[in-house]
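Right, one structure below, let's go through it.
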Amino acid sequence: KRLQFLLLLVFTSTVLQAQYCFPTFSIACTSNDYIENFSTTGGVGNISNLLSGCNGALPNNYTQFNQTVSQIQGFSFNFSVQAGSSFGQGHRIWIDWNQDLDFADPGEDVYVSPSSGTQAFTGTITVPMTAIPGITRLRVLCRYATVPGVTDYCGTGFSFGECEDYYMEVIPATPCAGQPNAGAVNPSSLTLCAGKVANLGLVGATLQGNMSYQWQQSTNGGATWVNAIGG
């Protein structure tokens, strides 16, 4: 009898998917060193991740949350970040504006807390006009009793802390078209005299990309106008 063999050639393809690097910690965040609250306001869409506690596991103490803050190029949103009540943490935030899978480019280090503590740290982030529209990554990191360094998003050998990632949706700015609505002035209620301060607001105005407003003032009944300087 003739013994025959069939040789099967199996080709496998390995796709290498690029991803973000992560920091490393030696102590689990169950030590009560973690980001307890992170939230945003003022965006088109916002994040609200409160009382989250420790979520990540070693070596990264890392969690990717499926929450997104959205904002238009050129506009801002507010944030609040806070550690748990046991141990003070310093915080830092990065956003990958150009979507190149790192936080190393100029302008991507968007916030650093002035100190470490258990209180809420707040601030405002403006989306650059140069930010690439679409979904990108926002990273929040805390370290115990330490203000994180600018490259700590992928730092190694940390002891206590936690790293959280969120999504940032950059919405393309809409170019101005037609006649924008100038809106109506909404002043504070007072009699304005020399040396007094007036708080002015604007309601009903058109807000679009590449559009800005300038207050002007007149001291001669509107015959001439000069730019007003805010205090």
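Exactly one residue among 106, 114 is closer than 24 Å to residue 50 by Cα, open to solvent by 50 Å² or more (accessible area, probe 1.4 Å), modelled with pLDDT of 95 or more and in a loop (DSSP other than H, G, I, E, B), and that residue is 114.
When residue 98 is tested against the conditions (1) part of a strand (DSSP E or B); (2) out of contact with any Leu (no Cβ under 6 Å at 6 or more places or on another chain), the lone failure is (1).
Residues checked against (1) in contact with a strand residue (DSSP E or B) (Cβ under 8 Å, 6 or more places away or on another chain); (2) under 17 Å from residue 88 (Cβ atoms); (3) among the basic types (Lys, Arg); (4) part of a loop (DSSP other than H, G, I, E, B):
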residue	(1), (2), (3), (4)
23	yes, no, no, yes
30	no, no, no, no
33	yes, yes, no, yes
37	yes, yes, no, no
40	yes, no, no, no
52	yes, no, no, yes
60	yes, no, no, yes
64	yes, no, no, no
68	yes, no, no, no
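Residue 87 satisfies every condition listed in (1) over 21 Å from residue 158 (Cα atoms); (2) hydrophobic (A, V, I, L, M, F, W, C); (3) open to solvent by 30 Å² or more (accessible area, probe 1.4 Å) except (1).
Filtering region 129-160 to residues that are in contact with a strand residue (DSSP E or B) (Cβ under 8 Å, 6 or more places away or on another chain) and open to solvent by 30 Å² or more (accessible area, probe 1.4 Å) leaves 132, 133, 135, 137, 143, 144, 145, 146, 147, 150, 159, 160.
Please specify each residue of region 93-108 satisfying the condition of being touching a residue at least 24 places away in the same chain (Cβ under 8 Å) and either farther than 15 Å from residue 127 by Cβ or in contact with a His (Cβ under 6 Å, 6 or more places away or on another chain) (or both).
Looking only at region 93-108, we keep the residues that are touching a residue at least 24 places away in the same chain (Cβ under 8 Å), and these are 93-99, 101-104.
Those that are touching a residue at least 24 places away in the same chain (Cβ under 8 Å) and either farther than 15 Å from residue 127 by Cβ or in contact with a His (Cβ under 6 Å, 6 or more places away or on another chain) (or both): 101, 102, 103, 104.
What number of residues in region 20-40 are of a type in the set (Asp, Glu) and surrounded by fewer than 16 Cβ atoms within 10 Å (Cβ to Cβ)? The number of residues fulfilling the criteria is 0. Residue count for region 41-69 under the criterion of being within 30 Å of residue 172 (Cα to Cα) and open to solvent by less than 10 Å² (accessible area, probe 1.4 Å): the result is 2. Return yes when residue 220 is over 28 Å from residue 130 (Cα atoms) and at pLDDT 70 or above and no when it is not. Yes: the conditions hold for residue 220. In region 118-145, the residues that are within 19 Å of residue 158 (Cβ to Cβ) and among the basic types (Lys, Arg) form Cβ pairs under 6 Å with partners that are open to solvent by 10 Å² or more (accessible area, probe 1.4 Å) and not in a strand (DSSP E or B), at six or more places apart or across chains, as follows: 139/153. Cβ-Cβ distances below 7 Å connect the following pairs, each with a first residue in region 202-228 that is under 27 Å from residue 76 (Cβ atoms) and of a type in the set (Val, Ile, Thr), a second residue that is modelled with pLDDT of 70 or more and assigned to a loop (DSSP other than H, G, I, E, B), and a separation of six or more residues or different chains: 203/183; 206/180; 206/181.
The values are calculated or read from the model by the stated rules, or taken from the named source; none is laboratory data. Keep in mind the model is a prediction, meaning the values are calculated, not measured. As a convention, Cβ positions derive from the backbone with ideal geometry for all residues, glycine included, and neighbour counts pool all protein chains shown. Quick note on the areas: whole protein, heavy atoms, side chains included, nothing else; ligands and nucleic acids left out. Shrake-Rupley method; radii C 1.70, N 1.55, O 1.52, S 1.80 Å.
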